[in-house]
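Written below as structure tokens is the structure these notes are about.
The values are calculated or read from the model by the stated rules, or taken from the named source; none is laboratory data. All values reported here derive from a predicted model rather than from experimental measurement. Cβ atoms come from the backbone with ideal geometry, glycine included; neighbour counts cover every protein chain shown.
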Amino acid sequence: MINKLIAGILPHMPKKLVWIFSKKYIAGETIEDAIRVSKELNSQGIKVTIDLLGEFITDLKQAEENRETYLHIIDRIQAEKIEGNYSLKPTSFGLLLDTEICYRNIRQIVEKAAGYNTFIRVDMEDSPCTDREIELFRKLKNEFPRHVGLVLQAYLRRTLEDIKNMEDLHSPEAPLNFRLCKGIYVEPEAIAYKKYQEVNDHYLADLEYIIQKGMYPGIATHDKPLVEGAYQLISKYNLPKSAYEFQMLYGVTPELRKSIVEKGHTVRVYVPFGKEWFGYSTRRLKENPKMASHIIKALFIRK
């Protein structure tokens, strides 16, 4: 109850106060901030994926601006020789306004990335977007088979079937590349698993299927039991370290992240930045009120 109350109040609090919490999880407002954080992570043997904040736009002019900004971001990041790739949310490019314009915007970004032989991850958003984002990915994957991947959410009841339905896009030369996460959006029980162990069980079942089929998994979790479960699957199938990676959010569970790196596994950290950090922070809290306890610690506990 207290967590939900804080989640409801936070959007109305001064930005400076919210930033005390948010700065742990967001690189900053500018590309320079993203570069700085990315270089710090690279120096620790950690790869990155860069994301410009600003999903769920309300007009297509914003989509055009986001496209041009992403094209600039790719040029800058590549010039800085950062070891990383890029993530984007289709609603930042007009998915809910005009799917064809959204596709053309993102296609330009993937084409730019492919020119540098790098990679774009299409993020998965809430359930009204799922079918459209899979269809968008399908079109991009057909044209740029080695340069685009998709996010899957294990708590959705449909996810394993979605994986199977995309197998026609898979080949040994250009394997399907999925970031598998639990899922953060609040969804009805009719379409999403709700219980902790139930979600974890389906996460590991999805991960095992991805591994069995020779697809490339980005094992995106901060949950130690899932990390341990992933270790067991990696050992069971004798996966080479080049066949998977672990992925985490910037600022979350750094000790667990460090332990994974020390075991010799590839780790990639999601590095969000941009002027829309306030909306991102408040939406994440609304979607996951349990984060409120972390806010209280950030606001009132100094280490």
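When 278, 273 are checked against the criterion of being over 19 Å from residue 45 (Cβ atoms) and touching a Lys or Arg at 6+ places or on another chain (Cβ under 7 Å), a single residue qualifies: 278. Reported count of residues in segment 75-90, each being among the hydrophobic types (A, V, I, L, M, F, W, C), part of a helix (DSSP H, G or I) and over 13 Å from residue 48 (Cβ atoms), is 1.
This table checks each residue for (1) farther than 12 Å from residue 274 by Cβ; (2) touching a helix residue (DSSP H, G or I) at 6+ places or on another chain (Cβ under 6 Å); (3) touching a residue at least 12 places away in the same chain (Cβ under 8 Å).
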| position | (1), (2), (3) |
| --- | --- |
| 20 | yes, yes, yes |
| 40 | yes, no, no |
| 51 | no, no, yes |
| 66 | no, yes, yes |
| 82 | yes, yes, yes |
| 102 | yes, yes, yes |
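The set of residues in segment 269-280 being within 21 Å of residue 180 (Cα to Cα) and either touching a helix residue (DSSP H, G or I) at 6+ places or on another chain (Cβ under 7 Å) or part of a loop (DSSP other than H, G, I, E, B) (or both) consists of 269, 271, 272. Residue-level check: of (1) surrounded by fewer than 17 Cβ atoms within 10 Å (Cβ to Cβ); (2) modelled with pLDDT under 95, residue 231 misses just (2). Looking only at residues of segment 91-125 that are in a strand (DSSP E or B) and aliphatic (A, V, I, L, M), we find that the one that is farthest from the chain's Cα centre (by Cα) is 120. Got at least one residue in segment 27-38 being part of a loop (DSSP other than H, G, I, E, B), of a type in the set (Asp, Glu) and touching a residue at least 12 places away in the same chain (Cβ under 8 Å)? Yes, because at least one residue in segment 27-38 is part of a loop (DSSP other than H, G, I, E, B), of a type in the set (Asp, Glu) and touching a residue at least 12 places away in the same chain (Cβ under 8 Å).
Would you say residue 121 is in contact (Cβ under 8 Å) with a residue 24 or more places away in the chain and over 18 Å from residue 66 (Cβ atoms)? The answer is no for residue 121. The condition (being modelled with pLDDT under 95 and either outside the structural domain of residue 16 (by TED's automatic domain parsing) or farther than 26 Å from residue 31 by Cβ (or both)) is satisfied by just one residue among 185, 216, 244: 185.
Just one of the numbered conditions (1) outside any loop (DSSP other than H, G, I, E, B); (2) more than 24 Å from residue 190 (Cβ to Cβ) is not true of residue 134: (2).
Report, by residue number, each residue of segment 38-66 that is under 17 Å from the mean Cα position of the chain (by Cα) and not small (Gly, Ala, Ser). Correct list: 41, 46, 47, 48, 49, 50, 51, 52, 53, 55, 56.
Look at (1) crowded, with 20+ Cβ neighbours inside 10 Å; (2) in contact with a Lys or Arg (Cβ under 7 Å, 6 or more places away or on another chain); (3) in a helix (DSSP H, G or I) and you find that residue 66 fails only one, number (2).
Counting the residues of segment 127-172 that are surrounded by 17 or more Cβ atoms within 10 Å (Cβ to Cβ), of a type in the set (D, E, K, R) and under 26 Å from residue 280 (Cβ atoms) gives 3.
Pairs meeting the criteria (first residue in segment 189-213 and assigned by TED's automatic domain parsing to the domain that holds residue 236, second residue of a type in the set (S, T, N, Q) and buried (at least 20 other Cβ atoms within 10 Å of the Cβ), beta carbons under 8 Å, at least 6 apart or on different chains) are 202/159; 203/221; 206/159.
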